[in-house]
Amino acid sequence: MLNPIHLKVLASVARHGSVTEAAKELHYSQPSVSHHLSRLEAATGVKLVQRVGRGIRLTPEGRLLANRAAEIIGRIDAATNELAAQVGLQSGHVRLAANASVLSTLVPRAAVTLAETFPGLELNLIERHPVEALQMLRHGEIDVALIFRYADAPAEDDAFRLVHIGEDSIYLISRHPDDTLENHRDSPWIGGCERCQEELVTVCRRAGFTPRIGSLSDDMTVVQAFVAAGIGVTTLPGLALQAHRHPGIHATKIPHHTRQLHAATYGDPPDPPATTALINALQSVSHPEAE
């Protein structure tokens, strides 16, 4: 049987690429870390770590097990938190990751509601794009990933369970009021994160052209400053405009195109009480539309 302590050591070594740094993180001695790795190799019957000069690297088998180890340790930590939360939600904490526009608008309102209802529950927040947030969720590093997706986007992995939070309209951001996508067939466009750029390209192709991406930024403040300076045009969701609006830009709603906001959890139902409480708070304050 695999020992959780040995797995935790392997995950730390994989994360840092160093026995020394893993020892510092875990507050172990270096010989102790090496001992745990040796015990894990004995238990699995495979070589997990190789010496490379004065350092080490994981074998393919070591990398495979390290990835699973991170997920297993994360789920153990999550189970500990769930058990604490089960006792009347008087203590414990719940962890959420989301992108900047949601963290700047919807999440603070939900945090107030959660604190009023469960004052002993600690909320930990992390800024991440959807793909990164889902990866953290899979590894047990967070409890909820608040993500956005589009109606025709490929479905998420079946292991993720999605709770619909709301809809967020998409806007053309330019320097002209009542603008249209067709006016910018030949304009330079400003791209963003992976999903944002996919959405931008999809919107433009529906209008009959492929956008020419001239600049890149996933910071909504920077993007709007670029547009105001005439560097290009872009698309942004309504929540981003709620969070920040540059006086030199105009926002024109793009008909029939929205982002879907979902709270994602991982694993078999039911969700732990603290997670359910957070999702309920998100649903209760969800007003994504921004004109």
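The values are calculated or read from the model by the stated rules, or taken from the named source; none is laboratory data. These numbers were taken from a predicted model, which means no experiment stands behind them. Cβ atoms come from the backbone with ideal geometry, glycine included; neighbour counts cover every protein chain shown. Heads up: the accessible areas ignore ligands, DNA and RNA and are worked out on the full protein's heavy atoms, side chains in. Shrake-Rupley method; radii C 1.70, N 1.55, O 1.52, S 1.80 Å.
Once you mark the chymotrypsin sites (Phe, Trp or Tyr not before Pro) that are in a DSSP loop and have at most 16 other Cβ atoms within 10 Å, what is the longest gap between them in the chain? Before the final figure, lay out each step's value.
Numbers: sites that count: TYR150, PHE209.
For chymotrypsin sites (Phe, Trp or Tyr not before Pro) (loop position, at most 16 other Cβ atoms within 10 Å), the longest site-free span of the chain is 1-149.
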* In square angstrom, what is the accessible area per residue of the chain with a 1.4 angstrom probe? -> 50
* Asked: Could you give the dipole magnitude of the range 103-212 about its Cα centre, charging the beta-carbon of Lys and Arg +1 and that of Asp and Glu -1, in debye to the nearest 20?
  -> 260
* Over every pair of different alpha-carbon atoms in the chain, take the mean of 1/r and invert it; report that Kirkwood radius in Å. => 21.4
* To do: Can you quote the Å³ per residue value for the convex hull of the Cα atoms in the range 190-291, rounded to an integer?
  => 136
* Structure fact -> Computed D for the range 23-70, Stokes-Einstein, Kirkwood radius over alpha-carbon pairs, 37 °C, 0.692 mPa s, to the nearest µm² per second, is 288
* Helices from the chain with mean Kyte-Doolittle at least -0.5 and a Cα length along the axis of 15 Å or more, per DSSP H: which? -> 4-16, 30-44, 60-86, 106-117, 273-284
* Kirkwood hydrodynamic radius (C-alpha pairs) into Stokes-Einstein, the range 119-222, 25 °C and 0.890 mPa s, D in µm²/s -> 151
* **Percent of alpha-carbon pairs separated by more than 25 Å within the range 49-168** => 37
* Counting only protein heavy atoms, what percent of the accessible surface of the chain is carbon or sulfur at a 1.4 Å probe? -> 53
* To do: Evaluate the charge dipole of the chain about its Cα centre and quote only its size in Debye, nearest 20, assuming +1 on the Cβ of each Lys and Arg and -1 on the Cβ of each Asp and Glu.
  => 1020
* **Value of [θ]222 nm, deg cm²/dmol, for the chain, DSSP H segments ≥ 4, -39500 (n - 2.57) each, nearest 500** => -13500 deg cm²/dmol
